[in-house]
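Working notes, structure below.
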Amino acid sequence: MTTAELTLPAGPVDLRTIPTDATPGFEGDKEQGEKALAKLGPGLADLQERLFAARGTDQARSVLLVLQGMDTSGKGGVLRHTVGLIDPQGVRITSFKAPTKEELGHDFLWRIEKALPARGYVGVFDRSHYEDVLIARVRQLAPPEEIERRYDAINAFEADLVAQGTVLIKCMLHISAETQKERLLARLDDPTKHWKYNPGDLDERALWPAYREAYQIALERTNTEVAPWHVIASDRKWFRNLAIGRLLHEALAELGLGWPAADFDVEVEKQRLADEAPIT
């Protein structure tokens, strides 16, 4: 599985033609997929530690993973099973809910900029600035001309982010309406999952065609060379987790980070330890 196999091609987007249950680039089954993700873990953790170790050097970079998708598409599952493979001290997760009164008083990107990962960190956005051209479009939360302005603003913002040294990985978790229905029913059938169920989800589900159109427009308008989209077939949870793990691993590996050199004399420090008096 390579990035190219998961990257959305340039041009018009019709999500109805993109399978939600495919496993592009991987021929194994669920068991093999879960084993492949587990095998990926140590290497992923090593690369992330290199990123964190380099945060105070001239090699310092940051990574931002953007997760967008309809309800039940698995953003939480990716956080647990894929992002959970790396050291939490080097991860910053932000869940964007409805904007506060203060946030509404600023440009839509204001709260996004405040949550960007510092150098050395992997940032994860559980929903993101794309809410402002998705639900805002479907629910008419902003005038059409403002929605239109936001596509170009997003492209400029992301291009600047990449130019400043952040690796941007944008993933749309692509599920079918049938799979969403199964997952919502599963939550209702399990008392331990009732807390995850929101009756408002059905109101949003009734707008599925409108959301699909909003996603298609957003994907097409913001699928740029410097910040491409990856559409991840997410009906199979195990493949979704593996695919994003591979994307994250490849992005970190391409940074080519080594371990920072010591800014002290290693031999002197060894001698100091050898010469120290016993601690009682």
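The values are calculated or read from the model by the stated rules, or taken from the named source; none is laboratory data. Source: prediction; values computed, not measured. Positions of Cβ are generated from backbone atoms using ideal geometry, with glycine treated the same way; all protein chains shown enter the neighbour counts. Please note that ligands, DNA and RNA were not included when accessible areas were found on the heavy atoms of the full protein model with its side chains. Shrake-Rupley method; radii C 1.70, N 1.55, O 1.52, S 1.80 Å.
Here are a few things to note about the model shown:
- Pairs, first within 24 Å of Glu49 (Cα to Cα) in the range 251-280, second of a type in the set (Lys, Arg) and in a loop (DSSP other than H, G, I, E, B), C-beta under 6 Å, six or more apart: Leu255/Arg61
- Residue check, Thr7 at pLDDT 95 or above, within 23 Å of Thr222 (Cβ to Cβ) and either hydroxyl-bearing (Ser, Thr, Tyr) or open to solvent by less than 50 Å² (accessible area, probe 1.4 Å) (or both): no
Yes/no per residue for (1) charged (D, E, K, R); (2) modelled with pLDDT under 95; (3) on the phi > 0 side of the Ramachandran plot:
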| site | (1), (2), (3) |
| --- | --- |
| Arg92 | yes, no, no |
| Ala98 | no, yes, no |
| Lys101 | yes, yes, no |
| Leu104 | no, yes, no |
| Glu113 | yes, no, no |
| Leu116 | no, no, no |
| Val124 | no, no, no |
| Ser128 | no, yes, no |
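Residues checked against (1) touching a helix residue (DSSP H, G or I) at 6+ places or on another chain (Cβ under 6 Å); (2) without any contact (Cβ under 8 Å) to a residue 12 or more places away in the chain:
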site	(1), (2)
Ile93	no, no
Glu103	yes, yes
Arg111	yes, no
Leu185	no, yes
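- Ala251 open to solvent by less than 40 Å² (accessible area, probe 1.4 Å), over 30 Å from Leu184 (Cβ atoms), outside any loop (DSSP other than H, G, I, E, B) and out of contact with any helix residue (DSSP H, G or I) (no Cβ under 6 Å at 6 or more places or on another chain): yes
- Some residue of the range 202-217 being outside any helix (DSSP H, G or I) and of a type in the set (Val, Ile, Thr): no
- The range 53-81, residues that are out of contact with any Phe, Trp or Tyr (no Cβ under 7 Å at 6 or more places or on another chain) and part of a helix (DSSP H, G or I): Ala54, Arg55, Gly56, Lys75, Gly76, Gly77, Val78, Leu79, Arg80, His81
- Count of the range 199-225 residues which are under 16 Å from the mean Cα position of the chain (by Cα) and either modelled with pLDDT under 95 or farther than 15 Å from Ile147 by Cα (or both): 1
- Residues in the range 227-248 that are in a loop (DSSP other than H, G, I, E, B) and either out of contact with any Asp or Glu (no Cβ under 7 Å at 6 or more places or on another chain) or of a type in the set (Gly, Ala, Ser) (or both): Ala227, Pro228, Ser234.
- Enumeration of residues in the range 10-52 that are assigned to a helix (DSSP H, G or I) and of a type in the set (Asp, Glu): Glu31, Glu34, Asp46, Glu49
- Every residue from the range 53-91 that is open to solvent by 30 Å² or more (accessible area, probe 1.4 Å) and in contact (Cβ under 8 Å) with a residue 60 or more places away in the chain: Ala53, Arg55, Gly56, Thr57, Gln59, Arg61, Asp71, His81, Leu85
- Asp265, sole failed condition from (1) modelled with pLDDT under 95; (2) surrounded by 14 or more Cβ atoms within 10 Å (Cβ to Cβ): (2)
- Cβ-Cβ under 7 Å pairs, at least 6 apart or on other chains, the range 196-220 side free of Cβ contacts under 8 Å to residues at least 12 places away in the same chain, far side open to solvent by 40 Å² or more (accessible area, probe 1.4 Å) and of a type outside the set (A, V, I, L, M, F, W, C): Lys196/Arg187
- Against the list (1) in a helix (DSSP H, G or I); (2) touching a Lys or Arg at 6+ places or on another chain (Cβ under 7 Å); (3) touching a residue at least 24 places away in the same chain (Cβ under 8 Å), the condition Glu131 fails is (2).
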